1. Does region 1-44 hold any residues that are more than 19 Å from the chain's Cα centre (by Cα), more than 16 Å from residue 164 (Cα to Cα) and not in a helix (DSSP H, G or I), and which are they?
2. Is it the case that region 113-134 has a residue that's surrounded by fewer than 20 Cβ atoms within 10 Å (Cβ to Cβ) and more than 21 Å from residue 22 (Cβ to Cβ)?
């Protein structure tokens, strides 16, 4: 179970600090509405990911078990691609500028909608989390549950921490964001290499 807890923590941390549409929304909302009104957006993945998880798992459950290992290999390559993007972002990091402040109303609803329209959760669940969840669930349901709990607990905590860091960004400058981007590149690369190794080992061994 420990490895599923670690995987959930690692991937959630990388996903939470990786630049993307949802993170851009957090930046805009925090800078215009303040951290107290934006903090609730950290719970948006709990609402938006439900339909995504059901859709992805329904598709994955209909394919042969060996296909999950193929997806693991694809997921490893996808994570390494994200790691390379994060590394480039780390090297060329610049503080984001907010061009138009969003509305202060219904922050959670807007955050959930942004995440539903964000392709990253679909890719993450179809290529990484979905195959890993099914693998753990087939071993024992507690492994799949551990992965979910670890992933979403870490996601909420990291997003909330991101909001607090953004609220202090005027004093701290862009250094914090650059450090987090670099850390996400390392986490993505490590997880991607493991996914490649696990998928190739399962296919060769099978």
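1. Selection gives 1 alone.
2. yes
Values quoted throughout were computed directly from the atomic coordinates according to the rules given, and no laboratory measurement underlies them. From a predicted model like this one, the values you see are computed outputs, not experimental measurements. As a convention, Cβ positions derive from the backbone with ideal geometry for all residues, glycine included, and neighbour counts pool all protein chains shown.
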